[in-house]
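See structure below.
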Amino acid sequence: MGRDRWSSRPIFIIAAIGSAVGLGNIWRFPYVCYENGGGAFLIPYFVALFTAGIPLMILEYGLGQRMQAGAPLAFWKIRKGWEWLGWWAILTGFGIVIYYAVIMAWCFCYLAYSLKLSWQPDTASFFFQRFLQSGEGPGQLGGLRWPILVGLALTWISIYFAIFKGVKSVGKVVMVTVPLPVILIGVFVVRGLTLPGAIEGLRFYLTPDFGQLLNPRVWLAAYGQVFFTLSLGFGVLIAYSSYLPKTSDVNNNAFITSLADAGISFFAGFAVFSTIGYLAFQNSQPVSEVITQGIGLAFIAYPTAISLLPLAPVFGILFFILLLTLGIDSAFSLVEAGVAGIEDEWHIPRRYIVIGICLLAFIGGIVFTTRAGLYWLDIADHFLTNFGLATVGLLECIVVGYLYGTRRFRSLVNPHSDFRVGIWWDVCILVITPLILVISLGRIAWERFRVPYEGYPQWALALGGWGLVLACLILAIILMVGSRRSPGDLEAAARTGSESESD
Ligand code: PHE
């Protein structure tokens with residue numbers, strides 16, 4: 001049986017944009033931008049996009065598409081003995097999707113709460129005390145929160161149905177889940193801009209503070225945001241591009257995906273900051289006191305603003321549909337990375353692989369539906385996105401850049417691409433990206449050894465943070481050993497590997 005295929009190039013691009021555009025665009029980008037120089041942040045952001053984001057995306061697209069394999073087998077074809085890196089990327093992504101789905105479960109619950117605006121009058125205490133019923137710390141599990149568990153089941157059922165038939169069904173789902181949130185962001189931009197106080201909010205978002213450009217922290221923030229938002233380092237793009245024919249473009253696809261993602265991030269900032277400006281205006285507070293990011297933005301600040309609007313329940317429903325549709329294609333792309341990896345190694349029918357992964361992730365997610373869930377989610381997120389992503393990205397540069405060779409790799413991706421990439425790409429993969437990743441990794445590791453993250457107890461960080469990163473690595477090595485191919489397979493795969501170089 002041949003490899004599953006996207007029905008067309010635009011569908012692939014839309015699916016890749018769906019993976020890239022996620023919660024990070026709406027609840028991370030605007031805030032990171034505001035905190036790091038406002039309008040001036042666009043300069044480091046675009047520099048990061050062109051010197052690390054797009055080059056690494058070309059690397060991942062190239063790997064998947066030219067090797068026609070998910071991450072583990074693709075790395076194996078590039079360099080024997082490195083398939084663990086593919087597994088590690090996938091397992092880190094798997095760790096992420098476990099809690100990403102829990103955040104989607106919260107959105108399902110809030111979708112229901114929107115009908116009666118149940119979060120009124122105090123959104124913060126509703127979220128922490130009534131909804132999550134958060135305990136004192138990670139040590140107090142304190143029983144399950146049933147509404148969240150039901151939301152989690154709904155999330156995993158949706159993910160299952162989106163992907164169990166393969167990329168053909170994914171192609172159909174993304175035709176809805178990618179344009180719909182963009183239209184909804186548009187609705188919130190228009191609504192936001194027509195509210196009193198909107199301009200004040202936008203002034204906060206965009207007033208350039210060029211002095212910030214001298215601050216190295218700002219540059220690291222730009223690189224960090226670019227890596228996360230483009231879904232790099234989890235084997236997702238390798239899996240997606242492996243379903244393209246071997247003779248498709250690589251370079252232009254990477255440019256289109258990245259620029260579309262950046263555009264949507266920037267656009268989302270208008271929706272977020274105009275609404276926050278309105279909230280500040282209504283509460284007679286400065287914008288800087290109202291604006292927040294992440295969970296605080298989506299489940300506290302935004303619901304508060306929505307309550308103040310005419311037709312509040314309608315906007316509540318639209319907002320949580322926006323978050324759900326933004327999240328779901330990112331979530332199933334992380335699952336697809338694992339499915340592709342397993343399908344390459346073991347001949348198990350796809351449906352069973354998808355059921356297995358969904359069930360396992362659902363069970364794994366139960367810990368995040370307890371009353372200590374928020375704490376564990378915070379810890380897992382910090383460690384997996386910071387350490388996992390950066391290490392995988394760095395090793396990708398080493399394997400492809402140094403062990404395989406950048407010129408050799410360019411000769412794989414250039415011939416069929418709409419345009420060629422040159423020395424620029426080599427410099428980025430050999431020098432700039434690894435350098436930035438080493439600095440970021442060193443900085444954050446040093447910080448973690450000095451002060452425990454957010455003051456959590458050491459045992460919790462050891463278990464849910466370092467332990468999780470390490471567990472992914474150990475499991476990756478076990479999977480590599482467990483999937484050792486027979487000599488016949490090795491030869492066949494080696495043949496396809498060398499074919500890919502000759503054509
Ligand atoms: N890029 C997604 C976002 O911005 C998150 C994500 C990361 C999705 C990694 C898939 C893989 O929210």
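The values are calculated or read from the model by the stated rules, or taken from the named source; none is laboratory data. Only a predicted model underlies this, so the values are computations on that prediction, with no experimental measurement involved. FYI the Cβ positions are ideal-geometry reconstructions off the backbone, even for glycines, and counts take in every protein chain you see. Just so you know, the surface numbers come from the protein's heavy atoms only, side chains and all, with ligands and any DNA or RNA stripped out. Shrake-Rupley method; radii C 1.70, N 1.55, O 1.52, S 1.80 Å.
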Subject >> Exposure ranking of Asp426, Asp209 by accessible area [1.4 Å probe, largest first] >> reply: Asp209, Asp426
Original post:
Rounded to the nearest whole Å², what accessible area per residue is found for the chain with the 1.4 Å probe?
Top reply: 38
**OP:** Could you let me know the centre-to-centre spacing of the range 104-162 and the range 410-488, using Cα atoms, in angstrom?
**Re:** 32
Original post:
Under a Cβ-Cβ cut-off of 13 Å, what is the net charge of the residues other than Phe164 that fall near it, where Lys and Arg count +1 and Asp and Glu count -1?
Top reply: +2
Subject >> Computed E for His347/Ile477 - FRET, C-beta separation, R0 30 angstrom, nearest 0.05 >> reply: 0.85
Subject >> Cα-based Kirkwood hydrodynamic radius, the range 27-95, one decimal, Å >> reply: 14.1
Original post:
Which net charge results when you count Lys and Arg as +1 and Asp and Glu as -1 among the other residues whose beta-carbon is under 12 Å from that of Gln133?
Top reply: +2
**OP:** Send over the semi-axes of the chain's equivalent ellipsoid, whole angstrom and largest first, taken as the square roots of 5 times the C-alpha gyration tensor eigenvalues.
**Re:** 36, 25, 22
Original post:
Using +1 on the beta carbon of Lys and Arg, -1 on that of Asp and Glu, and nothing else charged, what's the dipole of the chain about the Cα centre, debye to 20?
Top reply: 600
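Could you give the length gained on full extension between Val451 and Ile321, defined as 0.36 nm per residue of separation minus the Cα-Cα distance, in nm?
Taking 0.36 nm per residue and subtracting the Cα distance, the gain is 43.0 nm.
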Original post:
Please identify the chymotrypsin sites (Phe, Trp or Tyr not before Pro) of the range 285-371 that satisfy two criteria: DSSP loop assignment and at most 11 other Cβ atoms within 10 Å. Which are they?
Top reply: Trp346
**OP:** State the answer as a single residue: which of Gly81, Val272, Val314 lies farthest towards the positive end of the charge dipole of the chain, with beta carbon charges of +1 for Lys and Arg and -1 for Asp and Glu, about the Cα centre.
**Re:** Gly81
**OP:** Quick one: give the max-minus-min coordinate of the C-alpha atoms of the range 360-405 along each principal axis, largest first, in Å.
**Re:** 49, 21, 6
Subject >> Approximate spin-label separation Ala462-Val314, in nm, with each point projected 7 Å along Cα-to-Cβ >> reply: 5.6
Original post:
From the residues Ile183, Leu237, Gly166, which one has its Cα farthest along the dipole of the range 159-246 in the positive direction, the dipole being from +1 and -1 charges on Cβ of Lys/Arg and Asp/Glu about the Cα centre?
Top reply: Gly166
**OP:** Just grab the label-to-label distance for Phe210 and Val176, each label 7 Å out from Cα along the Cβ direction, in nm (one decimal).
**Re:** 4.9
Subject >> Percent RCO, i.e. relative contact order, over the chain, from Cα pairs under 8 Å lying at least 6 residues apart >> reply: 32
Subject >> Exposed-site-free run, longest, the chain (rule: trypsin sites (Lys or Arg not before Pro); DSSP loop; at most 16 other C-beta within 10 Å) >> reply: 247-419
Subject >> Residue-averaged [θ]222 nm for the chain, counting only DSSP H segments that reach four residues, each worth -39500 (n - 2.57) >> reply: -21500 deg cm²/dmol
Original post:
Between Lys80 and Ser7, what length in nm is gained on full extension when 0.36 nm per residue of separation is reduced by their alpha carbon distance?
Top reply: 23.1 nm
Subject >> Among Met480, Pro147, Trp27 the positive-end extreme of the charge dipole of the chain (Cβ point charges) >> reply: Met480
Subject >> Label-point separation, Arg130 to Arg420 (7 Å along Cα→Cβ), nm >> reply: 6.4
Subject >> Unit charges on C-beta of K, R, D, E only; dipole of the range 202-350, Debye >> reply: 360
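Using a 1.4 angstrom probe on the protein heavy atoms only, could you order Ile363, Ile11 from most to least accessible area?
Largest accessible area first, the list is Ile363, Ile11.
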Subject >> Low-density loop positions, chymotrypsin sites (Phe, Trp or Tyr not before Pro), the range 377-459 - DSSP coil, at most 10 other Cβ in 10 Å >> reply: Phe419
